[in-house]
Amino acid sequence: GVRLTASLGTAFKAPTFNQLYFPFDFGNPDLDPERSRSVEVGVAGTHGGVRWSVNAYETRIEDLIDFDFSQIPNSININTARIRGLEGVARTHLWGWQVAGNLTAQDPRNRGSDAQRGKLLPRRAQLMAHLEADRRLGDWSAGFSVHAEGRRYDDIDNTRRLGAFALLDLRAAWALTDAVSLEGKIA
């Protein structure tokens, strides 16, 4: 069957001690706390052994706490921000492997009334993907994860572009007993 979901939420996040008081122009004692409202709608189901879901979301944030090394102090509030996105998730068994992945496309925008209105929020990629696979063979298990994110900007003015990146993690484990295992990971 297919399942429909919807959620609404609010959040409050106070600035950390370091965001307020870290020396060398990083801290900003005038930071305001973040306040946000989120809405998410989704559809999920199972088809042909694949569990899947697709979710659309929007979060509006007042006084988003961020940092920008081109500003003094470096810790700043972004007056109003909006993040809209669409995320697809799938999980299945394929050739003896348990496989899961997700793909997220989002539009993280500064919606304030200042000169940065309409710019992308710093250090937030518009595209992100994650894939992981794990397999058990008797007392052994092995797996990998790949996480990739698209380009983004490092500053609120969108002048310093950061490149896309991908991370690969490899892992293996050997169950010595039911309660003890030896695990290794390369990240």
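The values are calculated or read from the model by the stated rules, or taken from the named source; none is laboratory data. If you're wondering where the values come from, they're calculated on a predicted model, not measured in any experiment. Neighbour counts are summed over all protein chains in view; Cβ atoms, including those assigned to glycine, are modelled from backbone coordinates with ideal geometry. All accessible areas refer to the heavy atoms of the entire protein, side chains included, with ligands and DNA or RNA removed. Shrake-Rupley method; radii C 1.70, N 1.55, O 1.52, S 1.80 Å.
Given the criterion over 30 Å from Leu64 (Cα atoms), out of contact with any Phe, Trp or Tyr (no Cβ under 8 Å at 6 or more places or on another chain) and either modelled with pLDDT of 95 or more or surrounded by 13 or more Cβ atoms within 10 Å (Cβ to Cβ) (or both), identify the matching residue among Ala90, Ala100, Ala166, Ala172. It would help to see each step written out before you state the result.
Details: Ala90 fails: out of contact with any Phe, Trp or Tyr (no Cβ under 8 Å at 6 or more places or on another chain); Ala166 fails: over 30 Å from Leu64 (Cα atoms); Ala172 fails: out of contact with any Phe, Trp or Tyr (no Cβ under 8 Å at 6 or more places or on another chain).
Answer to the selection: Ala100.
Scanning region 27-42 for residues that are open to solvent by less than 50 Å² (accessible area, probe 1.4 Å) and either outside any strand (DSSP E or B) or closer than 13 Å to Ser7 by Cβ (or both) yields Gly27, Asn28, Leu31, Pro33, Ser38, Gly42. Residue under question is Asp157, and the condition is that it be free of Cβ contacts under 8 Å to residues at least 40 places away in the same chain, of a type in the set (Asp, Glu) and either on the phi > 0 side of the Ramachandran plot or part of a loop (DSSP other than H, G, I, E, B) (or both); does it hold? No, not satisfied.
Please go through region 59-84 and pick out each residue that is of a type in the set (Phe, Trp, Tyr) and touching a strand residue (DSSP E or B) at 6+ places or on another chain (Cβ under 8 Å).
Looking only at region 59-84, we keep the residues that are of a type in the set (Phe, Trp, Tyr), and these are 67, 69.
The one that is of a type in the set (Phe, Trp, Tyr) and touching a strand residue (DSSP E or B) at 6+ places or on another chain (Cβ under 8 Å): Phe67.
Under 30 Å from Gln19 (Cα atoms), surrounded by fewer than 16 Cβ atoms within 10 Å (Cβ to Cβ) and acidic (Asp, Glu): which single residue out of Asp155, Asp134, Asp107 fits that description? None of the other options fit; the residue is Asp107. Among the conditions (1) under 20 Å from Ile156 (Cβ atoms); (2) of a type outside the set (Ser, Thr, Tyr); (3) open to solvent by 30 Å² or more (accessible area, probe 1.4 Å); (4) free of Cβ contacts under 8 Å to residues at least 60 places away in the same chain, Gln71 misses just one, which is (4).
Can you find a residue that is in a loop (DSSP other than H, G, I, E, B) and within 27 Å of Tyr57 (Cα to Cα) anywhere in region 160-177?
Yes - at least one qualifying residue is present in region 160-177.
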